[in-house]
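All remarks here apply to the structure that follows.
The values are calculated or read from the model by the stated rules, or taken from the named source; none is laboratory data. The structure presented is a predicted model; accordingly, all values stated were derived computationally and were not measured. Reconstructed Cβ throughout: ideal geometry from the backbone, glycine too, with neighbour counts over all protein chains shown.
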Amino acid sequence: MANYVERVIEQCKENNPGEVEFHQTVEEVLTSLKPVVEKHPEYEATALLERLVEPERGVTFRVVWVDDNGKVQVNKGYRYQFSSAIGPYKGGLRFAPNVYPGIIKFLGFEQIFKNSLTGLPIGGGKGGSDFDPNGKSDAEVMRFCQAFMTELYRHIGPNTDVPAGDLGVGAREIGYLFGQYKRIVDKYEGVLTGKGIPYGGLLGRAEATGFGIVWYAEEMLKANGEDFKGKNVAISGFGNVAWGTAWKLWELGAKCVTISGPDGYIYDPDGITTQEKVDYLLELRSSGKNICAPYAEKFPGAKFFAGKKPWGVAQDTGCKIDMFIPCAMQNDVHMEHAKQIVEGGCKFYCEGANMPTTNDALEYLIENMTAVGPAKAANAGGVACSCIEMGQNAGHTAFQHQAVYDQLHQIMKNIYSACAKAGETYYNDKNALVPGANIAGFERVAEAMMAQGLV
């Protein structure tokens, strides 16, 4: 049966040449599923894994728009609808110049298991474009979004596929996309999540991913007899995920001592422990400059390390870090960074971004740390709240902040429990959270796939 898993991995690589991010997540997930697959020979008989790694539908299209100088621009658009076994396709749209099928497929495949872990009725999908919104005017972003939706609308709907935002797709982009969809189909329906509050958005959605990460990490600590009070935490990034993470860490009594950007990282020995500092992350993000250095100018006690990543902050500053939470981009933490993290004496690591750790680095961290929280579990709070927003729209009602927070907190507790239980069952280790998340997410999807026949 192990040969079955390995055969599917190799076949996937052959069928999707050059898509290294997709290969990486398929290998990581399927390898951890071996003990489950061994108990179910019917999975091989029905080619369940082969079906799982092949999207149900993939759409590639051109996006033609006109910039402010009157020049015609052409971008590529994508939507990969991976699995509708447990609900309509659900997953964000990413606008970034490095977007290509390998990144969209990796994100969509991960989304299957992340969405399953929430316990909510949502399948997995992802989309985006190689369009870069940075440096574009509002009018240019609007024209691009309208052109993008003019094709995408054919493939989505509130009970078919419900996209959301992701990297490069925030409130501005979601607004333009929703407006164009509404104009084309002549319906006011919850086809997108992450919308603005005045037109169907969910209170608390913006901070949901970061809050969920910290609540998941809190469960990791509790299971090992600890909590966040007085802990030093290092995070990467300074965008939406990092902002929500820093905010909730502060509320739980921890000190978030780093943020980072493409220009380097900030070390703040006092931590992001005031409302002014939390709010300033929003200013940095909305500036459009994509740099974090101004934080050190705004708060003189902080220090900027140009061209460096925060994984070596213990060596750079002597500060003992109790937990690292990468919140920036995929494959941000490599083997040399993992060794820095372990050498600094840190015992806990919780992924915030999607697949922020290379496979070899992740294995090293698991072997040398007390507990490692996987992204597909820890950052599921965003999509969980997206599903809550879908329910809000379908019921033509509005939930208040506390109701959203209460639902999200319980969902993250449930996700942690499912991961720990699966880790204990199949690996005899409550801290085997990485394979535990894959297994817990997979079991629900596999059961639904088997029940629905060969589709």
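Checked against (1) outside any loop (DSSP other than H, G, I, E, B); (2) farther than 21 Å from Gly170 by Cα; (3) of a type in the set (Gly, Ala, Ser); (4) over 17 Å from the mean Cα position of the chain (by Cα), Gly77 passes all but condition (2). Being over 25 Å from Val29 (Cβ atoms), in a helix (DSSP H, G or I) and of a type in the set (Val, Ile, Thr): is that true of Ile112 here? The answer is no for Ile112.
Residues that are at pLDDT below 95, surrounded by 14 or more Cβ atoms within 10 Å (Cβ to Cβ) and charged (D, E, K, R): does the stretch 297-314 have at least one? No.
Residues of the stretch 222-251 being within 21 Å of the chain's Cα centre (by Cα) and among the aliphatic types (A, V, I, L, M), which ones? Passing the criteria: Val233, Ala234, Ile235, Val241, Ala242, Ala246, Leu249. When Gly212 is tested against (1) touching a helix residue (DSSP H, G or I) at 6+ places or on another chain (Cβ under 7 Å); (2) surrounded by fewer than 19 Cβ atoms within 10 Å (Cβ to Cβ), exactly one condition is not met: (2). Reported count of residues in the stretch 333-355, each being under 22 Å from the mean Cα position of the chain (by Cα), part of a loop (DSSP other than H, G, I, E, B) and at pLDDT 95 or above, is 3.
When Glu189 is tested against the conditions (1) surrounded by 18 or more Cβ atoms within 10 Å (Cβ to Cβ); (2) out of contact with any Ser or Thr (no Cβ under 6 Å at 6 or more places or on another chain), the lone failure is (1). One residue is enough: does the stretch 17-25 have a residue meeting the conditions within 22 Å of Gly441 (Cα to Cα), of a type in the set (A, V, I, L, M) and either out of contact with any Asp or Glu (no Cβ under 8 Å at 6 or more places or on another chain) or buried (at least 17 other Cβ atoms within 10 Å of the Cβ) (or both)? No, the stretch 17-25 contains no residue that is within 22 Å of Gly441 (Cα to Cα), of a type in the set (A, V, I, L, M) and either out of contact with any Asp or Glu (no Cβ under 8 Å at 6 or more places or on another chain) or buried (at least 17 other Cβ atoms within 10 Å of the Cβ) (or both). Candidates Arg62, Arg94: the one that is among the charged types (D, E, K, R), buried (at least 18 other Cβ atoms within 10 Å of the Cβ) and assigned to a strand (DSSP E or B) is Arg94.
Just one of the numbered conditions (1) under 19 Å from the mean Cα position of the chain (by Cα); (2) surrounded by fewer than 22 Cβ atoms within 10 Å (Cβ to Cβ) is not true of Gly373: (2). Select, from Ala139, Ala164, the only residue that is in contact (Cβ under 8 Å) with a residue 12 or more places away in the chain, of a type in the set (Gly, Ala, Ser) and either out of contact with any strand residue (DSSP E or B) (no Cβ under 8 Å at 6 or more places or on another chain) or more than 24 Å from Val445 (Cα to Cα) (or both). Only one candidate passes the filter, namely Ala139.
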